Amino acid sequence: MAQNDTVTVLKLNDGSCMPAIGLGTFAPAGSAQKGDCAKAVKYAIEIGYRHFDGAFSYENEDEVGEALREKITDGTVKREDIFYTGKLWCTYLRPELVRKGLEKSLKSLQFDYIDLFIIHWPVPLQPGDDLAPKKESGEMIYDNVNLLATWEALEACKDAGLVKSIGVSNFNARQLGKILNKTGLKYKPVCNQVECHPYLKQEKLLEFCKSKDIVLVAYSPIGSSRDPKWVDQSTPFLLKDPQLISVAKKYGKTVAQIAIRYLLQRGIAVIPKSFNFGRIKENFQVFDFTIAEEGMKLINSIPIKTRYVNVFTDYPDCPFLDEY
């Protein structure tokens, strides 16, 4: 990791730099009111955040874009200071739909380009206006798409100047390897964004990604919002873990700050999500201490292994079917 003023950044394999902490902007349905996301983004910029993680499927990119543009207009930041991550949703994975999916995000954001655009899931869904197309039985309607062709379409978007960097999310090592081994590969994925926290350490996937010069980005770094639609309510609460609590007490920090710092010290970017001003600030105050080797070993020894976001499990090539 390199130091860039007060914000720690990670160098990507295409030469770009990603701030190591970003603000996640996903809000489960009904958990936030209109305008909450925009307020959170503006506050985050004021206290030093420069990386913002969004997605077409979050259905709030208009708010994110409005907030970012307002802070650019008032002179707080320049557009080039902002690093925005967008995601290509599963209904746009057919190669002929990739640019259309990207342009929808650009229109909502009112941006000329996106800094990083990633495939949200390696799970093609039936194209259409419905983000989650289902049969009458309730089963998802999957599509048949060659993701190597999807990747070529993303490379073309980069060549067109619509995106600076391209990457993936929720890919296992085998799926990522298919892209890396693709004949005629023009650009490697710069990142793989996955669920990662002290209960899902992703040691093997991290090792694989580092060996390929791909940055691992952690979503749900302090656990999940525990939306009952996809999170098993019997899963343990990360922030109540006794070993994490003991480390937090030693450093006079919160458990959330310890969980975030733990990932940063492993070379992982983190995108904690919150619209609460206090927690947004707290999650960013992790550059003034280092967890000693003893503390890192203690966290590494936590035996619990759980995945909070467990979706698309009936898809034949669900990324979670492999070990990593």
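The values are calculated or read from the model by the stated rules, or taken from the named source; none is laboratory data. No experiment lies behind these values; they were computed from the predicted model shown. All Cβ positions, even for glycine, are placed from backbone atoms using ideal geometry, and neighbour counts span all protein chains on display. Note: areas computed on protein heavy atoms with side chains; ligands, DNA, RNA excluded. Shrake-Rupley method; radii C 1.70, N 1.55, O 1.52, S 1.80 Å.
Structural remarks
- Selection count where residues are out of contact with any helix residue (DSSP H, G or I) (no Cβ under 7 Å at 6 or more places or on another chain) and in a strand (DSSP E or B), scope region 195-214: 2
- Residues of region 74-92 satisfying the condition of being open to solvent by 10 Å² or more (accessible area, probe 1.4 Å) and of a type outside the set (S, T, N, Q): D74, G75, K78, R79, E80, D81, F83, W89, Y92
- Pairs are defined by a Cβ separation below 7 Å, a sequence spacing of at least 6 or placement on different chains, a first member in region 198-211 that is closer than 18 Å to D241 by Cα and in contact (Cβ under 8 Å) with a residue 60 or more places away in the chain, and a second member that is basic (K, R) and open to solvent by 20 Å² or more (accessible area, probe 1.4 Å); the pairs so defined are Y199/K305; L200/K305; L200/R307.
- Some residue of region 289-300 being polar (S, T, N, Q), in contact with a Lys or Arg (Cβ under 8 Å, 6 or more places away or on another chain) and not in a loop (DSSP other than H, G, I, E, B): yes
- V309 satisfies every condition listed in (1) over 30 Å from I47 (Cα atoms); (2) within 19 Å of the chain's Cα centre (by Cα) except (1).
- Flag if I299 is over 23 Å from E63 (Cβ atoms), open to solvent by less than 80 Å² (accessible area, probe 1.4 Å) and within 23 Å of the chain's Cα centre (by Cα): yes
- Answer residue from region 217-263, given it is open to solvent by less than 30 Å² (accessible area, probe 1.4 Å) and among the charged types (D, E, K, R) and is farthest from K87 (Cα to Cα) among those: D241
- Within the set V286, V309, the sole residue that is in a loop (DSSP other than H, G, I, E, B), closer than 25 Å to C37 by Cα and at pLDDT below 95 turns out to be V309.
- D62 passes every criterion in (1) out of contact with any Lys or Arg (no Cβ under 8 Å at 6 or more places or on another chain); (2) crowded, with 20+ Cβ neighbours inside 10 Å apart from (2).
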